[in-house]
Each structure stands twice: as C-alpha cells, then as structure tokens.
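Working notes for the structure below.
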C-alpha cells in the first residue's frame with residue numbers, strides 16, 4: 001500500500017532541491033495498533049511534510065521476509081528511508097512530539 | 001474391555017549430540033520446550049547453543065534456526081568454522097537458517113504502544129522456511145538493552161515462550177549471568193522447564209569450565225557440577241562421575257617386564273586391567289619401570305599409550321636406550337604412542353578429556369601416566385583425585401591395564417601419595433633410595449597387591465644396560481644394605497662364617513681332648529677303687545680266719561675245762577648223784 005503526497009505546488013515554499021521523505025510503516029495485519037499508527041503518521045505528515053512525503057505500508061503478515069531487511073522487531077515500526085540516515089520509530093506514533101523529534105523534523 | 005496399564009507420560013527428550021550432555025540429562029533437552037542456558041561472558045553459551053543446532057541438523061535431521069542478537073552473521077560463521085562446521089554450506093543446504101537481530105537503542109525512538117510481533121514474524125518465517133525443529137535465541141536479553149519499555153519486553157517474552165512451545169520447537173535461550181538472579185533480566189522466570197548454568201572460573205591461573213543443570217522439570221538429571229571443555233571438536237562434558245564399581249575383572253596376568261618382579265607377584269605379574277602405582281622419590285627409577293612395562297606390553301603385541309608429563313617422547317626413547325630398551329621400534333610399529341604435555345598447559349578437565357580422546361582413538365591395552373604427581377600443578381589435590389578416580393574407573397571399565405608413577409617426597413612420607421589415591425590402586429610398588437656409606441642405591445618393595453600373593457621382601461633395584469634387575473637385598477643383623485655395602489657385607493660375612501667354623505672345630509677338638517683326659521682320670525680312679533676293694537676283701541678274709549681260729553681255741557679251752565673237778569657245774573652234778 002502506498003500513500004503519496006508529492007503533489008507539486010501544493011505548497012509554494014517547497015524547494016525543488018528539497019528531498020522527498022520516504023517513509024515506511026511496518027505493521028502486522030489490520031490490528032488496532034496498525035490502524036492507529038497509520039492514522040497518526042498520516043496526520044503528522046500532512047501537517048509537517050505536506051507534499052513531500054511518501055508512505056509505504058508493509059504488512060509483515062503478508063510479506064514476512066521483509067522484516068529482516070530493516071531489522072524489524074517491534075511493530076508497528078516507522079522507518080525513515082529517506083532522507084538519510086535511516087531513522088526508526090516504534091509504537092503507534094501517538095506522541096506527535098516524539099515522532100517529530102524521531103524523524104528529525106523538529107530538533108529535540 | 002481390557003484395562004490397559006496406565007502409561008506413565010515420559011517427557012520426550014531432544015538429543016543434543018553434545019558429548020556427555022545427553023548422559024547427564026538422561027536423553028537430552030525437553031523436546032518442544034525452551035531451555036535456558038545461562039552463564040557469565042565467555043562461558044560458552046553461544047557455542048553450546050551452536051553445537052546443539054549443528055548436531056541437530058547433522059546427526060538428528062532436525063534443521064534449526066539461529067537467531068543472534070549479538071554477533072554478526074560473519075562472526076557467527078567464523079564461530080561455526082571453529083567447531084568444524086561450514087555455516088554457509090549448511091545454510092545453502094537448508095539445514096540452518098540464521099537471523100541477526102540488530103537493535104540499537106539510540107537509533108530507535110519509541111512513541112506509544114507496540115509489540116514484538118516483528119520478532120515473531122521473523123522467527124516464524126525462518127522456522128517455516130527450513131521446517132526447523134530447533135531454535136536458538138542468543139541472547140534475547142539484548143531486547144532489554146535495545147528497548148526502553150521493559151514492561152512490554154517482559155510481556156512479549158512471556159508470549160514468545162508460549163509461542164515457541166506452541167510451535168513445538170526445542171529452543172535454547174541464552175542469558176547472561178546476573179548479580180542476584182541467574183540471568184541479568186530474570187529470564188528464568190519465563191523458561192521454567194530446563195535451566196542449565198555454565199560456569200567459567202579460574203583457579204590458580206588455570207581455567208575450568210563447569211556445567212550444572214539447575215532444574216529440569218519432569219526429569220531426573222545429574223545434579224553435580226560437570227567439568228566441560230571446548231575444543232576443536234566442540235563441547236565435551238565429562239559425565240563419567242559415577243560409573244559405579246561393577247566393571248568386569250580379569251584373572252589374566254600380565255608380565256611386568258622384569259622377570260624378578262613377576263616373581264614377587266606369585267611369579268605371574270600384574271592382573272590385566274588393574275591399576276598399578278609406582279611411587280618413589282626423584283631418581284628412583286620410576287620412569288624406567290614404566291618404560292619396561294610398556295616395552296613388555298609391546299612385546300606381547302599390545303598397544304600402549306604413554307602420557308609423559310615431564311619428558312618429551314624423544315628424550316624418553318633416548319634415556320631408555322641406556323637401559324637396553326628400544327622403544328623407538330614400537331613407536332614405528334604403531335604399538336606405542338607417546339603423548340607429552342606440560343600439566344599446566346591446560347586444566348585438569350582438558351587433561352582428562354585428552355586421555356579420553358586418545359584412549360578412544362588408540363584403544364590401548366596398556367596405559368601409562370608418568371607421573372601423576374605433576375597433575376597437581378593443574379589443580380588442587382581434591383580435583384586431581386576426582387579426575388584420577390574417574391579416569392581409573394573409565395580405564396577399568398575398558399579393561400586397560402594402568403601404570404601410574406608418582407613422585408613422592410621424603411618429608412611427606414613415602415607410603416602415601418600426594419594425590420591421596422592409594423585406595424584406588426590395586427598394586428602399589430614403592431621405590432626408595434637407600435643412602436649409606438656415601439652411596440645411593442635403590443630399593444623396591446611391594447606395598448600392596450590386591451588379590452594375589454606377593455613378596456614382602458625389599459629387593460635392590462638395579463638399572464643395568466640390559467634392563468632392570470632385582471637383587472635380594474642384604475637384610476641380616478637388622479640392617480638393610482645395598483650396593484657395595486651389601487657386597488662388602490656379604491664378603492665379610494663369608495669370612496666371619498669361615499672363622500666361626502674353624503672356632504667350632506677347634507672347640508670340638510678341645511672337648512675331645514677333655515673327654516679323653518676325663519676318661520683317663522676315671523680309669524685311674526677305678527683302678528684305685530679296685531685296689532681298695534681288693535684290700536677290703538683281704539681284710540675281711542683274714543678276719544674271718546681269725547674268727548675261725550678264735551672259735552676253735554675257745555672250743556679247745558672248753559674241752560680242757562670239762563676234765564677239771566674244781567669246776568662248779570661238775571661238782572653239783574656229783575653231789576646230786578651221791579645223795580640219790
């Protein structure tokens with residue numbers, strides 16, 4: 001499942017050189033935690049990264065072999081693939097402040 | 001309906017294939033359940049788990065998953081290689097699957113509720129991929145370090161162990177020793193079926209590894225601390241602690257290599273499979289006696305394993321050449337094998353393991369350790385005794401004749417061993433130096449020899465170019481003399497004996513002379529007596545004659561007196577006649 005919002009010109013201040021945020025959310029099935037996490041992520045991204053993020057949701061129940069690659073243990077896990085370096089945030093992303101810090105959107 | 005006897009549900013066990021472990025666990029780890037293996041850093045937890053997997057895959061056809069939380073796959077592969085297994089090859093053959101779980105706390109931000117389903121999924125997919133029956137989690141405690149929410153980790157661990165049980169895999173979970181708990185994070189709380197503690201301690205700069213089964217629910221198990229070691233063959237646990245005393249015994253006798261020594265044992269030598277100890281102070285010929293015994297075994301076509309703790313094989317071969325033993329030919333023939341090692345090279349357990357390994361490989365009939373006293377350099381006396389007890393039991397079970405030498409010190413007394421193993425010994429020969437008259441000689445005697453007649457004599461032990469010889473020692477006059485003193489004493493004694501004989505002869509002659517003198521005296525006395533007797537007879541005769549003469553003269557007088565009138569009796573008669 002891919003959710004993208006890279007719409008051009010949605011926000012005028014978006015610089016052409018500014019990177020696209022490539023985020024990956026690992027979940028296991030449609031659990032309450034998965035749904036909450038996705039909803040929280042979507043909200044945060046729309047608020048802070050509007051127009052320059054892409055969310056990839058990976059359901060490990062369907063693709064268990066993918067867990068190894070990103071060293072997934074806890075679920076849900078959000079991985080910031082881009083921009084580098086890779087960042088990981090685990091949990092249902094209920095604490096927006098911490099997510100912003102974790103994603104380096106806002107310094108701690 | 002026939003009532004069936006109620007079957008006792010026996011806990012199914014999963015053989016580990018680790019040397020000795022299946023003996024002490026009576027069959028292996030609990031099948032389909034997790035086992036906790038804990039211990040301090042470097043105690044061999046990972047290797048233990050690794051070997052469990054490898055043996056499972058290679059020997060029991062049970063593929064396994066190795067989930068490592070600490071080591072990278074490259075390090076893991078290196079560790080496998082050190083045990084002689086090619087991890088990559090096994091992975092490609094679908095026997096082993098590995099998964100390196102990497103958690104770095106600083107790289108992870110925690111926001112809100114989560115679970116460890118990802119771990120379950122990874123493990124599950126690895127198990128499914130190779131149809132694994134065995135699982136290793138090494139060490140899952142890393143989760144506590146990697147994740148800040150310990151409550152979640154604990155809950156998830158509990159779930160994990162239930163999940164493992166439900167999957168029916170036999171799992172090993174490793175854990176680092178904690179201060180008060182068995183493991184730092186109290187993993188023993190979750191793994192209730194079987195807990196094994198590995199211990200690694202250093203005494204007197206020599207490390208020993210020990211294994212103990214702390215608990216094993218639903219099964220009996222050995223409760224002791226078992227020494228183990230790790231070498232290129234993997235883990236070896238020494239289960240031979242209580243072999244019991246029911247080994248077979250032989251009545252066959254084997255030569256000692258010294259005919260006169262055989263003679264001291266009823267003329268037949270030692271029992272096959274018995275344990276012989278030769279103790280003595282330095283330089284009394286222990287090694288020579290041991291080498292002679294080994295030589296005799298090889299002459300019979302038997303194989304002999306010779307453990308030398310003091311000398312190199314070539315040095316023994318050279319030195320024994322000086323007493324006419326050509327050991328090299330037996331080495332070449334493959335009948336004699338030397339193994340030289342410094343006792344302090346490694347711990348006692350390692351020595352015992354080496355003994356075992358070589359005995360298994362070489363299958364000797366005769367086994368020599370020269371000397372056992374040096375083993376105390378590798379452990380305490382009690383440990384040495386324990387090791388030797390186990391070794392001797394093992395050798396007896398295998399009916400291997402054992403020849404031990406022991407260096408004793410005069411201060412501690414000759415008739416004891418530094419290792420206090422005298423009760424384990426069947427035949428005990430004591431060699432001692434006898435110093436006298438500026439000379440040092442060797443004496444040999446049999447202190448004990450179970451189940452056979454044996455000489456109680458001290459023999460002089462002589463090393464010649466033709467080998468060992470025993471000579472009856474001089475033991476007269478309450479003295480023990482050896483060497484030249486004995487020779488001198490013997491010569492002196494012969495002279496003294498001769499003198500004695502002469503003296504006796506002289507006395508005999510003297511006595512004869514006395515007897516003759518006495519006889520002459522007796523003859524003279526007898527002559528005198530006879531003479532006297534004759535005289536007495538003569539006097540008696542004369543007296544008789546004189547008496548006769550006297551009587552005659554009286555009669556004559558009487559007759560004379562009858563004719564006279566004046567004689568009163570005659571008058572009276574006359575008067576009577578007148579009156580009538």
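The values are calculated or read from the model by the stated rules, or taken from the named source; none is laboratory data. Since the model is a prediction, treat every value here as computed from it, not as a measurement. FYI the Cβ positions are ideal-geometry reconstructions off the backbone, even for glycines, and counts take in every protein chain you see.
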The listed residue being within 14 Å of chain A (Cβ to nearest Cβ), surrounded by 24 or more Cβ atoms within 10 Å (Cβ to Cβ) and over 46 Å from the mean Cα position of the chain (by Cα), out of B:102, B:114: B:114
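Within the range A:62-86, track down each residue that is touching a strand residue (DSSP E or B) at 6+ places or on another chain (Cβ under 9 Å), closer than 30 Å to residue B:128 by Cα and more than 7 Å from chain B (Cβ to nearest Cβ).
Initially, the range A:62-86 is screened for residues touching a strand residue (DSSP E or B) at 6+ places or on another chain (Cβ under 9 Å), giving A:66-68, A:70-83, A:86.
Now drop any that are not closer than 30 Å to residue B:128 by Cα, which leaves A:66-68, A:70-81, A:86.
Correct list: A:66, A:70, A:78, A:79, A:80, A:81, A:86.
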Test: residue in the range B:282-299 that is at pLDDT below 90 and surrounded by fewer than 19 Cβ atoms within 10 Å (Cβ to Cβ): yes
Spot the failing condition for residue B:387; the list is (1) in contact with a strand residue (DSSP E or B) (Cβ under 8 Å, 6 or more places away or on another chain); (2) surrounded by 18 or more Cβ atoms within 10 Å (Cβ to Cβ); (3) within 23 Å of residue B:235 (Cβ to Cβ), and only one is missed. (1)
Which of (1) touching a residue at least 12 places away in the same chain (Cβ under 8 Å); (2) within 14 Å of another protein chain (Cβ to nearest Cβ); (3) touching a helix residue (DSSP H, G or I) at 6+ places or on another chain (Cβ under 9 Å) does residue B:95 not meet, given it meets every other one? (2)
Selection from the range B:138-156 of residues that are within 54 Å of the chain's Cα centre (by Cα) and within 12 Å of chain A (Cβ to nearest Cβ): B:140, B:142, B:143
Given the options B:78, B:131, name the one that is modelled with pLDDT of 90 or more and over 29 Å from residue A:87 (Cα atoms). B:131
Has the range A:63-80 got at least one residue that is over 20 Å from residue B:111 (Cβ atoms), part of a loop (DSSP other than H, G, I, E, B) and touching a helix residue (DSSP H, G or I) at 6+ places or on another chain (Cβ under 8 Å)? yes
From A:56, A:47, grab the single residue that is more than 10 Å from chain B (Cβ to nearest Cβ) and either within 20 Å of residue B:69 (Cα to Cα) or not in a helix (DSSP H, G or I) (or both). A:56
Given the structure, is residue B:84 outside any helix (DSSP H, G or I), within 12 Å of chain A (Cβ to nearest Cβ) and more than 19 Å from residue A:65 (Cβ to Cβ)? no
Name the pairs whose Cβ atoms lie under 6 Å apart, with the first residue in the range B:105-130 and free of Cβ contacts under 8 Å to residues at least 24 places away in the same chain, the second crowded, with 23+ Cβ neighbours inside 10 Å and assigned to a helix (DSSP H, G or I), and 6 or more positions between them or separate chains? B:109/A:102; B:111/A:99; B:118/A:67; B:121/A:67
Candidate set from the range B:411-453 (those that are surrounded by 15 or more Cβ atoms within 10 Å (Cβ to Cβ) and farther than 15 Å from residue B:278 by Cα); member that is modelled with the highest pLDDT: B:452
